[in-house]
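Student: Here's a structure for you.
The values are calculated or read from the model by the stated rules, or taken from the named source; none is laboratory data. Please read all numbers here as calculations on a predicted model, not as lab measurements. No Cβ is skipped: glycine too gets one built from the backbone with ideal geometry, and neighbour counts run over all protein chains shown. Each accessible area value is taken on the protein alone, full model and side chains, heavy atoms only, with ligands, DNA and RNA left out. Shrake-Rupley method; radii C 1.70, N 1.55, O 1.52, S 1.80 Å.
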Amino acid sequence: MRCLLLLLLVAVAGAKVFERCEWARLLKRNGMSNYRGISLADWVCLSQWESSYNTRATNRNTDGSTDYGIFQINSRWWCDNGQTPTSNACGISCSALLTDDVGAAIICAKHVVRDPNGIGAWVAWKRHCQGQDLSSYVAGCGV
């Protein structure tokens, strides 16, 4: 049990948690501003509510799948965790979504929004961001 606790503490300690504006600027540099008509503020809001900008966030779902990384990308549809039956539409290991290098996560998120559900694939976006004034998510960021 102590070993498991130590591994968990190491994983949490190593997580990159972005500041809001830092994340907004990184998203903009990576072509997320108005990608598929989705505003930068939508992406920042989505990331806040899904992971609190934490690259190592995970969430186990009631259907047995797990959401991974800063965008909380689901193992049933988008990545392979070696446990959940998956479509692996992004063609990546779920562990690639848990690194401080968010390149794979951004590429996969772009793939997700090309799906017919678009950004609506994220429940947190629908609950907290859709139809809201999101200007505060990018205010003062210079983006």
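Student: Count, please, the residues in the stretch 48-63 that happen to be exposed (fewer than 13 other Cβ atoms within 10 Å of the Cβ) and free of Cβ contacts under 8 Å to residues at least 24 places away in the same chain.
Tutor: Total meeting the criteria: 4.
Student: Related question: What number goes with the only condition from (1) open to solvent by 20 Å² or more (accessible area, probe 1.4 Å); (2) in contact with a helix residue (DSSP H, G or I) (Cβ under 6 Å, 6 or more places away or on another chain); (3) at negative phi that residue 111 does not pass?
Tutor: It is condition (2) that residue 111 fails.
Student: Let me confirm something: among 105, 121, which residue is small (Gly, Ala, Ser) and in contact with a strand residue (DSSP E or B) (Cβ under 8 Å, 6 or more places away or on another chain)?
Tutor: Only one candidate qualifies: 105.
Residue-by-condition table, conditions (1) at pLDDT below 95; (2) within 22 Å of residue 117 (Cβ to Cβ); (3) open to solvent by less than 40 Å² (accessible area, probe 1.4 Å):
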{"residue": "12", "(1), (2), (3)": "yes, no, no"}
{"residue": "19", "(1), (2), (3)": "no, no, no"}
{"residue": "25", "(1), (2), (3)": "no, no, no"}
{"residue": "46", "(1), (2), (3)": "no, yes, yes"}
{"residue": "67", "(1), (2), (3)": "no, yes, yes"}
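Student: So, one more: Picking from 135, 75, 93, 87, which residue would you name as being touching a helix residue (DSSP H, G or I) at 6+ places or on another chain (Cβ under 8 Å), of a type in the set (Ser, Thr, Tyr) and open to solvent by 10 Å² or more (accessible area, probe 1.4 Å)?
Tutor: Within the list 135, 75, 93, 87, the selection yields 135.
Student: Going through 33, 51 one at a time, which residue ends up being closer than 24 Å to residue 132 by Cα, in contact with a Leu (Cβ under 6 Å, 6 or more places away or on another chain) and of a type in the set (Ser, Thr, Tyr)?
Tutor: None of the other options fit; the residue is 33.
Student: Looking for whichever is modelled with pLDDT of 95 or more, open to solvent by less than 30 Å² (accessible area, probe 1.4 Å) and within 15 Å of the chain's Cα centre (by Cα) here; the options are 141, 129. Which one fits?
Tutor: Answer to the check: 129.
Student: Residues in the stretch 110-126 that are of a type in the set (A, V, I, L, M, F, W, C) and farther than 14 Å from residue 70 by Cβ: how many? Give the derivation first.
Tutor: Here is the first cut: in the stretch 110-126, the ones of a type in the set (A, V, I, L, M, F, W, C) are 112-113, 119, 121-125.
Now drop any that are not farther than 14 Å from residue 70 by Cβ, which leaves 113, 119, 121, 123.
Going through the stretch 110-126 one residue at a time, the tally reaches 4.
Student: Ok, one more. Restricting to the stretch 99-108, what's the tally of residues that are touching a residue at least 12 places away in the same chain (Cβ under 8 Å) and either in a strand (DSSP E or B) or open to solvent by 40 Å² or more (accessible area, probe 1.4 Å) (or both)?
Tutor: Of the residues in the stretch 99-108, 3 are touching a residue at least 12 places away in the same chain (Cβ under 8 Å) and either in a strand (DSSP E or B) or open to solvent by 40 Å² or more (accessible area, probe 1.4 Å) (or both).
Student: If we keep just the residues of the stretch 85-122 that are at pLDDT 95 or above and β-branched (Val, Ile, Thr), which is farthest from the chain's Cα centre (by Cα)?
Tutor: If we take residues in the stretch 85-122 being at pLDDT 95 or above and β-branched (Val, Ile, Thr), then 92 is farthest from the chain's Cα centre (by Cα).
Student: A follow-up question, please. Within the stretch 77-95, can one find any residue that is free of Cβ contacts under 8 Å to residues at least 60 places away in the same chain, more than 19 Å from residue 19 (Cα to Cα) and among the aromatic types (Phe, Trp, Tyr)? Can you show your working first?
Tutor: Keep residues of the stretch 77-95 that are free of Cβ contacts under 8 Å to residues at least 60 places away in the same chain, which gives 77-95.
If we keep only those that are more than 19 Å from residue 19 (Cα to Cα) too, we end up with 77-95.
Remaining after also requiring among the aromatic types (Phe, Trp, Tyr): 77-78.
Checked against the condition, which is being free of Cβ contacts under 8 Å to residues at least 60 places away in the same chain, more than 19 Å from residue 19 (Cα to Cα) and among the aromatic types (Phe, Trp, Tyr), the stretch 77-95 yields at least one hit.
Student: Going by what's in this entry, would residue 3 be described as assigned to a helix (DSSP H, G or I) and modelled with pLDDT of 95 or more?
Tutor: Against the criterion (assigned to a helix (DSSP H, G or I) and modelled with pLDDT of 95 or more), residue 3 does not qualify.
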